[in-house]
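Each remark here refers to the structure printed beneath this line.
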Amino acid sequence: MTLNEWLPLIIVASSLVPGLVIFFLAEHQVTARTVLNLFGATLKLLLVLVVYYGILRGNEYEFRYDIGVDLEFSLRVDLLSLLFAILSSILWLVTTLYAISYLEGSPNRRRFFGFFSICVTASTGIALSGNIVTFFIFYEFLTLATYPLVVHRGTEAALQAGRTYLWYTIGGGTVLFVGVVWLFVLGGSMEFDRTGALAGLAGEHSGQLKILFWVLIGGLGVKAALVPLHGWLPIAMVAPAPVSALLHAVAVVKAGAFGILRVVYDVYGIELAEELGLLTGLAVIASVTIIYGSMRALAQDDLKRRLAYSTVSQLSYIALGTATLGVTGSIGALVHLVHQGVMKITLFFCAGNLAETLGLHKVSELNGVGRRMPLTMAAFTVAAFGMIGLPPIAGFVSKWYLGLGALEAGRPWIVAVLLTSSMLNAAYFLPIVHAAWFREPDGEWTVKRRARYLETSWMLLAPAIATAVLSLAIGLFAATQWSPLEMARQIAEAWYADR
Amino acid sequence: MRPVEIGLDGLLCLLLLVLAWKALRAPHLYQSAIYFIALGLVMALAWVRLAAPDVALAEAAIGTGLLGVLLIDSLRVFARDSKTDPDAESEEPPPGEINVYPAGSARPSGRTLPMILVTASCGLLAILLVEAIIELPDGGGLTAAAQENLERSGVDHPVTAVLLNYRGYDTWLEVGVLLLAMLGIFCAGGRVGFAETRQSNPPGHLLSWLIRALAPLMILAAAYLLWLGKLAPGGAFQSGVILGSAGILLRLAGFQVISRLPPLAVKLGLLLGFGVFLIFGGAALLTGRAFLEYPEARAGELILLVETAAAVSIGFTIFAFFAYLNSRDQPEAQENHAREEGGNQKP
Amino acid sequence: MIAGIETHQIYAVTAGLLFCMSLGGLFLCGHFFKKIIATKILGTAVFLLFISLGKRNAMEFADPVPQAMVITGIVVAVSAGAFALALARRIWRETGQSTFEDKP
Amino acid sequence: MCFLLPARLRAPTGLAVAAVTAAAAVALAWQVAVDGMIRHNLGGWDAPLGIGLYADGLSCVFLVLTGVVGLLVSVYARSFFSLPEEQEGATKLFWPLWLILWGALNGMFLSADLFNLYVTIEVVGLAAVALTVLSGRPPALVAGLRYLLAAIAGSMAYLMGVALIYGSVSALDLQVVAQSIEGGSSLRVAFGLMIAGLLVKTAVFPLHFWLPSAHSSAQAPVSAILSALVVKASFYLILRLWVDVFDGSVTVAAGQALGALGAAAVLWGSYQALRQRRLKLMVAHSTVGQIGYMFLLFPLITLAHQGGADAPWLIHAWTGGIYQALAHGLAKAAMFLAVGVFVLAVGSDDREATVDLVGRLPMTTFALALAGVSLIGLPPSGGFVAKWMLLKATFTSGQWWWAPVILIGSFLTAGYVFMVLRQAFAPTKTPIQLKPVPRAMEVTALLLGAAAILIGFRAEEVLFLLDVEAPFQEAVEAEEGGGL
Amino acid sequence: MTPADAATIVFCLAGAVFFLAGTVGLLRFPDIFSRLHALTKADNLGLGLIVIGLVFQAESIAGAFKLLLIWGLALAAGSNTCYAIGRYALERLPEKGPKEVEK
């Protein structure tokens, strides 16, 4: 075996090993833990970049391992997996920094960081899975690794949320299990690079394939928070801010969305999906989710809950783009996977900063907070504008491509959905921005955490600003060679190459 | 088949069925036990009718004799020991009341449905089973094979050959089962070791004289049976059982048997048969033969040796069953009694 | 008709009946003591079948293999019975419980 | 050849013997893997007169499982029985009894003779009951008696079947019987009786009535042995009879019936487990459910016979069922041991008492969680591989009606596992004083849990071993041929 | 039929008659002592007669001796059993009065 074969495994292990080691460290060995965490995060990022470079030069990275009979574990790198892997390794690094400061002095940090690393392992594994079985293994692994994070605080609300989370995700996992086995029986091991294995079956088994598609979507839709399977997401908000940030930006919800991408493009293939008439249904569900999520977000006073519903809504842009036939729409979906992650993590960092520094949790308490915490609110504003879709921030790019794709595919109603949603986005984000900057503060701030120079601890501030700048940058430089947009374009064009 | 024979066999079988029915349905445990013992004796007759004197011996001695003693000894416990519930204490019949045995078949009325179900399914099973049995082919069996190899086995009696040579492994395990049951009984009793007490009412002079006289005779008989096993019905089991019953008789007459032996000897006695088998088996393996394989030339002597060890162990274990169970209750029962009296005096 | 019946068949059928009867008894009898007796009869029935099968050849010698197995079986069954009795006695002494139903 | 000597000595010797036994099992398995099936005629007498010992892939897999679980449980037991709390009753008899039990289990996996199998299952049964009542506590005594009577009835039914078989083919050796067997009602009845007797011992619904009380009232290492190994033994025997002896005469209806019992067990056992408040009872009920999964194997391999011996799902069903047995053995042992640690430390086995377990007994919680993951069948774990194979076989063979059972069972299992773990993260308001628990106990539980997960990573070796003299050779070859 | 055979038949029949009488006695007599009386007579004499009858069929002196030994042992055991039951009944009688004893 050459190094190229081992690299995918090493990428996955680069967070798993630190995670496991952390469990064996003592609670008070803060330095060792921090070093280990940052080392793992940096290493992973570097490795992913190395692999990206290699892929561009035409190298192949594949790791195979036979579990037994016909179960095969396979990690394989393609552009789509790289897109997701780069996103998660960057955001993991940032979030780790943030979490170290955020949780300073709280109990059970050993447990937290251990599971945190394992959680990222799972999402990298999902990204690199070479076949549907491996995908499923990591998908379930992710469920297990995130549960301790959701209930980390151990309060009654947290336990309640944990329970809801588990019932939803295990239920989804079970449904997905059926789907995966069924798929396996129909079409073999389902390597993601052998698209079209199912195409030959279309004539004979089209009924089965249709049902199977909805079984798979049903399983994945739980994590992707498609209505009506989204119930767990707003409740899971009780987790600490870094967890919510990671959960919403990369780990859990993206796993679902990523899975939908894989199923539509790599398992069924876009042609087969279209032929069976599956895409319209998916598009409808996604649209309903977008509108519903936004409406619900409007009604929330709790900042994190509002953000959560916003996630429900924004996530379905990916599904919507997937279901839009045509290169442009697919590009929109792919690029939104990245853009939404970066923007949403910024918003959660900011919400965390507000809560941690001033103890603010409600939208109605934010009057004038821009004066007390200008940098935080600046980052928040950038991300919020991005979400609404104002140029030149990242969100604009993805919405633009989505809309364009819908028109190309001849589905103007999707554009209407996008516009409505953007208006609703504006309706729930703009009041916050307005209140923060232009209203008078209601009274004195009760400061929980002081910093000497800045508005709050730099370790909390830096990640938020960094991701805000990033979301601005990937919007501004979308046309350059190294942007996510360019990557998305390559992926999508590959999918449609043979059409 | 002569009609007389059929009549005799039919009568025996009918008797078996009736006795079994009675044993299961008798209203008193005591009656159940008696019917069961009678069933065992009739069964021994049946074995003889079926040309299986070895089994008849084993059944009469172990199946009925030993188990009968144990059953009746247990009845003593079930009848005498009162519930530990202190409130019920005063309503208990006075000690010495032997005939009031707890009824065994008092059945709550709510159990009619399961009863019908069980009866119906057992009836169905009976039909299937009888049909299956009738369908079995006539003839067959391994008689011929056993006879053919008899010369190589070192003994002249086929049953002994099967027990100790052809299927010696089973016999080894079976000696193991005895040992295991002893351990199990220790567990059930919650105490390891024997505590024989003197009987509260010593038996008459006549009885102890008889038993004293019988004991050596029984040991002699045991040795004879052991030797006989080589060529005729008899062998380790039967002989072991006689040894065991000698011990039981002594015990019943109030002698302390096991308590007089050092604990190590007790353990050795229990382990002897199992161990000797194992040593021979291992030795055979070491000399390049199969486990438990006897060298043909000396098979007879070796088998006799193994049999002797097995017989001693069997006898000893069987006796130990009884000795343990029989002595088990007495010290504590007396203790309880003493405590109660103490308690009564205080208020 | 009657002359066609062999000794072993009479006993074999009896064995089958005994087996079913005692199986029913095992379920229906309440008291531990009777349940134990039922298991013993159950065993006896099986042994009876074995031995009657050994007698099929109508020879002077019965098949020695079933006989040896039955002797082994009797010892095993008696061991198990003694163990069961010991357990039942202990339960009775400790809790005054003599069936599975009554909870003292 | 390994002959396993029960030694009547205390812990250190016991442990040494345990290690030797486990090593012997592994060595034998190795030899079988390399050289193929081994047969040893005891006493130098060939079948039909003598008794043979016989080791093929199937027996070796179970031998090794017993060896691994047995060794770890022995280590655990050594600490457990030196605790002052666990000295009541006849606990010093644990070692001889356990080693006899182990020897008998091994003897059973190796035996090739129907009557000898009867003797070994009787030894297993008696030793298991004796271990159950070791503590001498009244609930254990009652449960033990119930277990004993059920076991005797079961083995007598089995023996009745053996008698009928001897009556029709005049042989007791498995291979000889298998060759000379023909149809006929007596064989069907014999087969039914044997299977029914063994079902009682395996505690398949609705014959599981004795299991929960017996397994939950025994002491922790004993519960682990009973749940992980003893019920597997009779399952092994059913499997052996089904595929090796009655190969030609099993019917679809019989397979479906057994599968239906298994399915009912899965649902009922898991549901009952969900309802229990006491942890040990919950784990015991869970055993009933998990055993049910193993029985789903029978309809799948039976229908295949009608469809030809090279049906592709055969190998899936076969390995799935056996993998379930292995994974459950490891996971359940881990679970009982972990619960044992917990009960010792906290002094209660109420489900609600697991509050803040993570903070107080992290290693034990982890063991519990790993075992739970395998029981649910979440990847990556042995349980996952098992359920994957079974589910796949149900789809391929067209018997899709078993699939919902598998899934609902998993879902219920997830329910009760997380009911325990849910509390584990809740911080305590009042710090509870924990009794110190020997480290070795926590570590062995964790090792078993980890093993249950790890066998999910590498099924290949196990499957290779299983291939030695396996049934369904045609299917294997067809599979391999197709693969190439 | 040899004279020995005839003797055997006569003695065995006589023995059987004693057994029958003893059994009838056991069933019909009112209290424990008279039942014991019936039983022991039947046992000792009936068995004795049958043994004598069988001695005529014995193949060797040793065989005959063994048969007689059986009788002797049965005699000893029977008398002892009878003695034990009687003693037990006597001890209990003052309190309880006559009652059923089933063996």
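Since every read-out is calculated from the coordinates, none of them should be taken as a lab result. Everything quoted here is computed from the prediction, not taken from an experiment. Don't worry about glycine lacking a Cβ; one is built from the backbone with ideal geometry, like all the others, and counts go over all protein chains shown.
Using only the Cα atoms of the stretch A:376-499, build the gyration tensor, take square roots of its eigenvalues as a ≥ b ≥ c, and label the shape rounded, prolate or oblate: rounded if a/c is under 1.5, else prolate if a/b is larger than b/c, else oblate. Oblate shape, in that a/c is at least 1.5 and b/c is the bigger or equal ratio.
The mean number of Cβ atoms from other chains found within 10 Å of a Cβ in peptide B:115-127 is 4, as a whole number. Net charge dipole, the protein assembly as shown: roughly 4420 debye, given to the nearest 20, about the Cα centre with Cβ charges of +1 for Lys and Arg and -1 for Asp and Glu. Taking 20 °C and 1.002 mPa s as conditions, the stretch D:116-210 diffuses translationally at an estimated 150 µm²/s according to Stokes-Einstein applied to its Kirkwood radius (Cα pairs). Counting every C-alpha pair in the stretch A:1-252, the share spaced more than 29 angstrom apart comes to 34%.
The mean count of C-beta atoms from other chains within 10 Å of the C-beta of residues in D:134-146, rounded to a whole number, is 6. In degrees, nearest 10, range 0 to 90: what is the angle between the Cα axis of helix A:394-408 and the longest Cα principal axis of chain A? Once rounded, one gets 30 degrees. If a/c stays under 1.5 just call it rounded; otherwise compare a/b with b/c (prolate if a/b is bigger, oblate if not). Do that for the stretch E:3-97, with a ≥ b ≥ c from the square roots of the Cα gyration tensor eigenvalues. Oblate is the answer for the stretch E:3-97, as a/c is 1.5 or above yet b/c matches or exceeds a/b. Averaged over the residues of peptide A:166-179, the number of Cβ atoms from other protein chains lying within 10 Å of each residue's Cβ is 4.
In the frame of its principal axes, the stretch A:278-499 has Cα extents of 62, 36, 23 Å, reported largest first. Taking the charge dipole of the protein assembly as shown about its Cα centre, with +1 at Lys and Arg Cβ atoms and -1 at Asp and Glu Cβ atoms, the residue from D:ILE181, A:GLY187, E:ALA84 reaching farthest to the positive side is E:ALA84.
In chain A, the longest principal axis of the Cα atoms and the axis of helix A:279-298 are about 10 degrees apart. Of the residues A:ARG57, B:ARG76, C:ARG56, the one with the fewest other Cβ atoms within 10 Å heads the list, and the complete ranking is A:ARG57, B:ARG76, C:ARG56.
Could you tell me which of rounded, prolate or oblate describes the stretch D:264-478, using a ≥ b ≥ c as the square roots of the eigenvalues of the alpha-carbon gyration tensor, with rounded for a/c under 1.5 and, failing that, prolate when a/b is larger than b/c and oblate otherwise? In terms of gyration-tensor shape, prolate. Candidates D:HIS40, D:LEU117, A:GLY173 compared by Cα position along the dipole of the protein assembly as shown: farthest toward the positive end lies A:GLY173, with charges placed on Cβ. Counted by neighbouring Cβ atoms within 10 Å, the residues D:GLU461, D:GLU442 run from fewest to most as D:GLU461, D:GLU442. Looking at the protein assembly as shown, the pairs of alpha carbons with a distance over 65 Å make up 26% of the total.
Checking the Cα-Cα distances for B:LYS22/C:LYS34; A:LYS304/A:LYS344; A:LYS362/A:LYS399; B:LYS230/C:LYS55; D:LYS92/D:LYS435; A:LYS44/A:LYS344 against a 19 Å cut-off, the pairs over it are A:LYS362/A:LYS399; B:LYS230/C:LYS55; D:LYS92/D:LYS435; A:LYS44/A:LYS344.
Taking Cα atoms, how many degrees apart are the long axis of helix C:32-54 and the longest axis of chain C, rounded to 10 and kept between 0 and 90? The helix C:32-54 is inclined about 10 degrees to chain C. Sorted ascending by nearby beta carbons within 10 Å, beginning with the fewest, E:TYR88, A:TYR52 become E:TYR88, A:TYR52. Say the dipole of chain A comes from +1 at the beta carbon of Lys and Arg and -1 at that of Asp and Glu; which of A:GLY405, A:GLY326, A:TRP495 then lies farthest toward its positive end? The residue sitting farthest along the positive end of the dipole is A:GLY405.
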